[in-house]
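Worksheet: the structure to be examined is printed underneath.
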Amino acid sequence: MNFNRHSNLEGQHAFLGASKYHWINYDELKVAESFSKFLAVQKGTILHSFAAQCISLGQKLPKSKKTLNMYVNDAIGFKMTPEQILYYSENCFGTADAICFRNDFLRIHDYKSGVVPAHMEQLEIYAALFCLEYHVKPNDIETELRLYQNDEILYHHPTAEDIVPIMDKIITFDKIINKIKEREG
């Protein structure tokens, strides 16, 4: 038997594929809802890429109360770096949507294109990762975190009491994971 070659599909997964088999239990309404969410995630990825390009190029968007416009224009105004990886270890790293650190002031912005309420904890983790990677003590800096979602901006000014416990967990949990990797390796 000579199987058909589908080289253009290698490494990809179909929405109704075997590796994500739960769809076989869906009804028509559930599959439509699930596919709509899938498309929203794809659109969010494209919007993040577009925003990063605008920020990198310094291309402001028309002044507006729209989430994307406010996010891009603020990031440009604050001279932020888009899509910056913050790294502690291979077990713990993440990509901040936009970040800058000047004059002992850490600023991290996150753009959310979806409607599911975002959580500030994600940005606190980025702040902890920043402090760990660049050996900055949270007590020595000011931090402002912003979430851009649903045409609103949520602000948070975490203290060292917010960030240090996250840093401690990262360090502790990383050690636990590395011990397991050594045992299982």
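Structure notes:
- Magnitude of the charge dipole for the chain, about its Cα centre and with charges confined to Cβ atoms of Lys, Arg (+1) and Asp, Glu (-1), is about 580 debye.
- In the chain, the convex hull through the Cα atoms has an average projected area of 16.1 nm², a quarter of its surface area.
- Candidate residues I177, I24, I55: accessible-area rank, largest first, probe 1.4 Å: I24, I177, I55
- Added length on full extension, which subtracts the Cα-Cα distance from 0.36 nm per residue, K43 to I180: 45.6 nm
- Carbon + sulfur, % of accessible area of the chain - ligands and nucleic acids excluded, 1.4 Å: 56
- Computed [θ] at 222 nm, deg cm²/dmol, the chain (DSSP H ≥ 4; -39,500 (n - 2.57); rounded to nearest 500): -14500 deg cm²/dmol
- If both residues of a DSSP beta bridge must be in the chain, then about 70% of such bridges are antiparallel.
- Each peptide in 82-90, 120-128 gets a packing score, the mean of other Cβ atoms within 10 Å over its residues, and the list from highest to lowest is 120-128, 82-90.
- Sorted largest first by accessible area at a 1.4 angstrom probe radius, with every protein chain in place, the residues F105, F93, F38 fall in the order F93, F38, F105.
- Solvent accessible area, Å² - C100, 1.4 Å probe, full protein context: 20
- Rounded to the nearest 20 debye, the dipole size of region 53-146 about its Cα centre is 600 debye, using +1 on the Cβ of Lys and Arg and -1 on the Cβ of Asp and Glu.
- Using the Cβ-Cβ distance between A32 and A160 with R0 set to 45 Å, the FRET efficiency from 1/(1 + (r/R0)^6) comes to roughly 0.45.
- Between helix 121-133 and the chain: long-axis angle, C-alpha atoms, 0 to 90°, nearest 10: 60
- A probe of 1.4 angstrom, applied to the heavy atoms of all protein chains, finds T95 with accessible area near 50 square angstrom.
- Rounded to 10°, Cα long-axis angle of helix 160-184 versus longest principal axis of the chain: 50
- Sequence-separation-based contact order of region 1-158, relative, with Cα cut under 8 Å and 6+ spacing, percent: 18
- Ranking I176, I141 by solvent-accessible area of protein heavy atoms (1.4 Å probe, all protein chains present), from largest to smallest, gives I176, I141.
- A quarter of the convex hull surface defined by the alpha-carbon atoms of region 97-185 gives 7.1 nm² as the mean projection.
- In the full protein context, region 1-93 carries 79 Å² of accessible surface per residue, based on a 1.4 Å probe and ignoring ligands, DNA and RNA.
- Of K65/K112; K43/K63; K43/K66; K43/K79; K112/K137, those spanning more than 20 Å from alpha-carbon to alpha-carbon: K43/K63; K43/K79; K112/K137
- Rounded accessible area of E33 (nearest 10 Å², 1.4 Å probe): 90
- Annotation for region 61-88 versus region 132-185: alpha-carbon center distance of 21 Å.
- 0 to 90° range, to nearest 10: angle between helix 67-77 axis and the chain longest Cα axis: 40
The values are calculated or read from the model by the stated rules, or taken from the named source; none is laboratory data. This one's a predicted model, so the numbers in the text were calculated from it and none came from an experiment. Neighbour counts are summed over all protein chains in view; Cβ atoms, including those assigned to glycine, are modelled from backbone coordinates with ideal geometry. Heavy atoms of the whole protein, side chains included, go into the accessibility calculation; ligands, DNA and RNA do not. Shrake-Rupley method; radii C 1.70, N 1.55, O 1.52, S 1.80 Å.
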